[in-house]
Amino acid sequence: MSEFAGKTLFVSGGTSGINLAVAQHFAGCGARVFVISRDPGRVAAAVQSLRDLGAEADGMPADVRQYDQVAAAVTRCAELFGQIDILVSGAAGNFLAKAQNISSNGFRAVMEIDVLGTHHVMHAAFSHLRKPGASILNISAPQGSVAMVGQAHVCAAKSGIDMMTRALALEWGPLGIRVNSVSPGPIEGTEGQKRLVPNPAAVEERVNAIPLKRMGTLADVAELCAFLASDRANYITGAVIPVDGGTTLNPTPTRMGQFLED
Ligand code: HXC
Ligand code: NAP
């Protein structure tokens with residue numbers, strides 16, 4: 001497939017899990033791909049996996065909390081590939097803890113990675129994205145719209161991201177830039193799920209609560225991202241789109257942190 005031939009994708013947090021799978025999907029569809037995250041070893045491995053798919057790919061270590069690092073990575077990507085057409089903001093932090101057990105530093109860490117980091121990548125990439133056909137995909141979560149026990153910091157962060165999606169769709173729509181949030185439900189085999197459903201009883205309850213009765217796959221998320229970034233979705237902006245098997249329709253996930261001590 002070559003749907004994204006000639007396009008360049010920049011992915012923050014694109015070195016593992018869902019974001020890497022999205023990067024690999026676009027690479028398989030002909031895109032040039034640039035990934036960033038903090039760990040240099042992960043960056044190198046991710047870049048190699050993208051090149052193994054036949055893609056032009058590169059990356060560099062960068063912490064999305066540090067604007068200068070993000071801006072340097074965006075500049076490097078544009079120098080190498082000449083342009084940026086699609087931005088995926090996927091870097092995130094999460095742990096399960098009740099609000100009274102989240103320190104100021106813990107709350108700040110998640111807000112800075114998720115919310116400030118998303119602002120940083122969108123701001124740094126803006127001059128390259130400022131053209132008709134550009135697309136931004138912010139990776140959100142059900143926490144952006146559904147309250148969950150043990151997730152006060154993540155609910156604050158992901159709902160903040162979803163409102164940035166809407167605000168920038170409003171501001172940047174006239175420039176031709178579409179901005180959407182992709183909101184995956186529980187995706188099997190990911191770091192996020194290891195952290196949130198850490199034992200078999202929790203996994204069983206989680207799956208039972210999903211209307212489609214299964215965890216999502218990496219491919220489920222990648223397919224939605226590819227659709228939203230394509231011309232097939234060129235009248236969709238400012239949307240928060242779940243790919244969650246109906247997870248957000250069922251209130252049971254609010255009990256996710258039920259095993260936590262007070
Ligand atoms: C309470 C915790 C904690 C926990 C860390 N902290 N884990 N507090 N319960 N389980 C606190 C620490 O004590 C510290 O506060 C503060 O958080 C910052 O921790 P550091 O380790 O110093 O910070 P840092 O190295 O910046 O790491 C950030 C992190 C870490 C978020 C804490 O886990 C991380 O790097 N995560 C990235 C990977 C990740 O989370 N992947 C999953 C994304 S999935 P003090 O006060 O002690 O200094 C996801 C799923 C969403 O988002 C939805 C699924 C449905
Ligand atoms: P993951 O594998 O831990 O992915 C997180 C990525 O972000 C890693 O590549 C990590 O790499 C990077 N990262 C973290 N902090 C960073 C920082 N400060 N600067 C730059 N990069 C940073 O987790 P995942 O489960 O696949 O989740 C990926 C995305 O999907 C997240 O946005 C998450 O909220 C969302 N999501 C996940 C699920 C799920 O079921 N897993 C459900 C809904 C939404 P480094 O450690 O190298 O920095």
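The values are calculated or read from the model by the stated rules, or taken from the named source; none is laboratory data. Only a predicted model underlies this, so the values are computations on that prediction, with no experimental measurement involved. FYI the Cβ positions are ideal-geometry reconstructions off the backbone, even for glycines, and counts take in every protein chain you see. To get the accessible areas, we keep the full protein, side chains included, count just its heavy atoms, and leave off ligands, DNA and RNA. Shrake-Rupley method; radii C 1.70, N 1.55, O 1.52, S 1.80 Å.
Take the residues in segment 28-55 that are touching a Phe, Trp or Tyr at 6+ places or on another chain (Cβ under 7 Å) and part of a loop (DSSP other than H, G, I, E, B), then tell me which one is farthest from ligand 1 (Cβ to nearest atom). The extreme case among them is G30.
Within segment 102-114, if we keep just the residues that are in contact (Cβ under 8 Å) with a residue 40 or more places away in the chain and open to solvent by 30 Å² or more (accessible area, probe 1.4 Å), the residue that is nearest to ligand 2 (Cβ to nearest atom) turns out to be E112. How about segment 165-178: which of its residues are part of a helix (DSSP H, G or I) and either buried (at least 19 other Cβ atoms within 10 Å of the Cβ) or modelled with pLDDT under 95 (or both)? Correct list: T165, L168, A169, W172.
So, in segment 1-48, of the ones that are among the basic types (K, R) and within 15 Å of ligand 2 (Cβ to nearest atom), which residue ends up nearest to V110 (Cα to Cα)? This residue is R38. One residue stands out among those in segment 242-251 that are outside any loop (DSSP other than H, G, I, E, B) and open to solvent by less than 60 Å² (accessible area, probe 1.4 Å): the one that is farthest from L170 (Cα to Cα), which is T247.
Close Cβ contacts (under 6 Å, 6 or more residues apart or on different chains) running from residues in segment 152-177 that are free of Cβ contacts under 8 Å to residues at least 40 places away in the same chain to residues that are of a type in the set (D, E) and within 12 Å of ligand 1 (Cβ to nearest atom) are absent.
Which one of V197, V146, V182 is open to solvent by less than 10 Å² (accessible area, probe 1.4 Å), aliphatic (A, V, I, L, M), in contact (Cβ under 8 Å) with a residue 40 or more places away in the chain and touching a helix residue (DSSP H, G or I) at 6+ places or on another chain (Cβ under 8 Å)? Just one listed residue meets the conditions, V182.
In the set (1) open to solvent by less than 40 Å² (accessible area, probe 1.4 Å); (2) part of a helix (DSSP H, G or I), H25 fails one condition alone, (1).
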